[in-house]
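This report refers to the structure that appears directly beneath it.
The values are calculated or read from the model by the stated rules, or taken from the named source; none is laboratory data. Note that this is a predicted model, so its numbers are computed, not measured. Cβ atoms come from the backbone with ideal geometry, glycine included; neighbour counts cover every protein chain shown.
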Ligand code: ADP
């Protein structure tokens, strides 16, 4: 017992040391994480906000500019209409003068007004009409005004030069007609330009809507991809962890961000889980050792009694005994001591502290050794053990202690389930799945009700009373079998039987075993990776 206590505290100290070492691991284990460029979700959202805000601001500014432009166009349209009006008015007064001899001054006044309008808005007119046309307009208007001036002078001096008047009238008509034509063109062009602008403004909301829709769709898709991909990886990783694969999860994003923190936290959790798994295996093993120790003590009684009796007989009768009889008794003593040593060695072997060792294992031998470990419990229960171990099977690779723990759990559970005359059948054979060996532990005990079957591999699930069951046996066994690249399954019928089947990969691993679901960690050990 003292030895067990010492090994207990050693194991606890070791676990603590490992925990401490592993706790600092995530920072040192993931140097790649720190070298990844930083691009967090916060930056994403900020960029998206800036982009959408810039778009909205440009739209508002664009609309303001367009409205302002239209306003200017409209006011210039009014000016060009006024110009046309003055030109037309000048021509009307000019006609009146030639018909009735009136309104010559009015005609000059209207022509002057037109000239003022044109001079004030020359730049804009040049944009609407071409510079050449603008120059022509100016020439016609100046000529028209000159002719009106000449006519006014003739009129003031009362000169009755009919020929000159007629010449002026013809020129006035020519320039006047040109002026009206160009003024009408100015109004017409400006009107067309306003109409085109209004049409454009009508279409702008449609364009804006299309751009906003496209941009939003792109941003949403981009954002969803950036969120969904790591989340999907996260789900896959947690499913892998649930299946017992504790390899660190791969990077979820190219960039360093919020998901990197999640990734580091999960990898740290994986390390913690690994430690807990080891602690769970240890704690359950300690409990099994407790159970077995009582049996071993009982088991040791027989050889020790025999040794005692033989030694007493030798002490009392050694003078009367022949040399041959003495030799026989000494041999008995050696045999009994050897039997005791084997019993103790078997228990010590199971209780041995240490790292998980992967070595070739003969499952047949291992099963027989495990049955010996449980020998006393078997005797106490009075159950019958039937073994069917196929010979010439390939070895497997694994940790002997851990595998013994699996089969011991199954045998102890079967012993708990059967009555006095129950039978436990233990068989080893080639599994249906090529490259795998199959171990079955079947009992004709109480069986397992269908409604609790899905829970029996859960940690701490037990139907046994307080102090009797821990609910760790099957969960620990499941973990051990999984990391050995195998599977454990159960078939049972309440009141009739329970059959546990453990499938483990043989040492000559077929190529397709590498793709086996849960075996990655163990496969690395098998292949020396
Ligand atoms: P424990 O034995 O400490 O309860 P286990 O994880 O080994 O924990 O088993 C969980 C439960 O599964 C048991 O409480 C029992 O109800 C059921 N069980 C396991 N093996 C058998 C069996 N051979 N026959 C009937 N029930 C079983």
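Odds and ends about this structure:
- Single unsatisfied condition, residue 196 versus (1) surrounded by 12 or more Cβ atoms within 10 Å (Cβ to Cβ); (2) at pLDDT 85 or above: (1)
- Note on region 419-443: residues that are surrounded by 21 or more Cβ atoms within 10 Å (Cβ to Cβ) and either over 43 Å from the mean Cα position of the chain (by Cα) or closer than 17 Å to residue 492 by Cα (or both) total 5.
- Residues (touching a residue at least 12 places away in the same chain (Cβ under 8 Å) and within 8 Å of the ligand (Cβ to nearest atom)) located in region 447-457: 447, 448, 456, 457
- For the residues 99, 51, 34, 46, the requirement of being modelled with pLDDT of 85 or more, in a helix (DSSP H, G or I), out of contact with any helix residue (DSSP H, G or I) (no Cβ under 7 Å at 6 or more places or on another chain) and within 30 Å of residue 267 (Cα to Cα) singles out 46.
- Filter result for the condition that a residue is more than 27 Å from residue 444 (Cβ to Cβ) and surrounded by 16 or more Cβ atoms within 10 Å (Cβ to Cβ), over 347, 309: 347
- Which numbered condition residue 337 fails, given (1) touching a residue at least 60 places away in the same chain (Cβ under 8 Å); (2) surrounded by 12 or more Cβ atoms within 10 Å (Cβ to Cβ): (1)
- Entry remark, region 479-496: residues being within 9 Å of the ligand (Cβ to nearest atom) and buried (at least 20 other Cβ atoms within 10 Å of the Cβ) number 1 in total.
- Being modelled with pLDDT of 85 or more and more than 16 Å from the ligand (Cβ to nearest atom) is not true of residue 413.
- Scanning region 374-402 for residues that are in a helix (DSSP H, G or I), away from the ligand (no atom under 16 Å from the Cβ) and crowded, with 17+ Cβ neighbours inside 10 Å yields 375, 376, 400, 401.
- Among the residues of region 246-303, the ones that are farther than 30 Å from residue 460 by Cα and assigned to a loop (DSSP other than H, G, I, E, B) come to 7 in all.
- The numbered conditions (1) within 60 Å of the chain's Cα centre (by Cα); (2) surrounded by fewer than 13 Cβ atoms within 10 Å (Cβ to Cβ); (3) farther than 25 Å from residue 403 by Cβ are all true for residue 322 except (1).
- Members of region 416-446 that are near the ligand (Cβ under 8 Å from one of its atoms) and closer than 17 Å to residue 373 by Cβ: 416, 441
- Residue list for region 458-472, filter: modelled with pLDDT under 85 and either closer than 11 Å to residue 403 by Cα or within 10 Å of the ligand (Cβ to nearest atom) (or both): 458, 459, 460, 465, 468, 469, 470, 471, 472
- Condition broken by residue 361, with the remaining ones in (1) surrounded by 15 or more Cβ atoms within 10 Å (Cβ to Cβ); (2) away from the ligand (no atom under 12 Å from the Cβ); (3) over 26 Å from residue 296 (Cα atoms) satisfied: (3)
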